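The values are calculated or read from the model by the stated rules, or taken from the named source; none is laboratory data. Given the structure is predicted, the values throughout are model-derived calculations rather than measurements. Reconstructed Cβ throughout: ideal geometry from the backbone, glycine too, with neighbour counts over all protein chains shown. The area values use the complete protein model at the heavy-atom level, side chains included, leaving out ligands, DNA and RNA. Shrake-Rupley method; radii C 1.70, N 1.55, O 1.52, S 1.80 Å.
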Amino acid sequence: MSFLRCYFFWLSQTSNVTPPIALAAFAGAGVANAKPMKASVEAFKLAAGLFVIPMMMAYTGLINTSADLLGLVIATLQTTAIIVAMAMTIEGS
């Protein structure tokens, strides 16, 4: 049950960077004199890892700190590779 609460809290933080709320992106756009909606879309692209990390916590040993070190390293490398692949796909590299 605690994982479920943690998961919902984690996903609630995406409201800071996802349109139409995107408070952090709108504040940054105001500082940079940029278009707020365009800034929030770019922030959403950059925050794609926010959607991957909770899934990896649920299905790998990423959150299990009592597990062996090798399992933690493998889970961290897998998560990093997925986030990098998503970033490359979203940005078109």
Bin width 10 Å, alpha-carbon pairs only: give the P(r) of the stretch 44-93 as whole percents, running from 0 to the bin holding the largest distance. 27, 48, 21, 4
How high is the relative contact order of the chain, in percent, counting Cα pairs under 8 Å that sit 6 or more residues apart? 22 percent
Residue 53: accessible area at probe 1.4 Å, nearest 10 Å²? 40 Å²
The stretch 65-93 and the stretch 17-32 have their Cα centres apart by a whole-number Å value of 27 Å
Please identify, among 46, 70, 62, the residue showing maximal mean-square fluctuation in a Gaussian network model of the chain using a 10 angstrom Cα cutoff. 70
Accessible area per residue for the chain in Å², computed with a 1.4 Å probe and the full protein assembly in place, what is it? 68 Å²
Within the chain, which whole H helices from DSSP have a Cα span along their axis of at least 18 Å and a mean Kyte-Doolittle hydropathy of -1.0 or more, if any? 69-91
Between residue 86 and residue 8, what FRET efficiency comes out of the Förster formula 1/(1 + (r/R0)^6) with R0 = 30 Å and r the beta carbon distance, rounded to 0.05? 0.85
Taking every alpha carbon pair in the chain and sorting the distances into 5 angstrom bins from 0 up to the bin holding the longest one, the percent per bin comes out as 2, 14, 18, 18, 18, 14, 9, 5, 2, 0
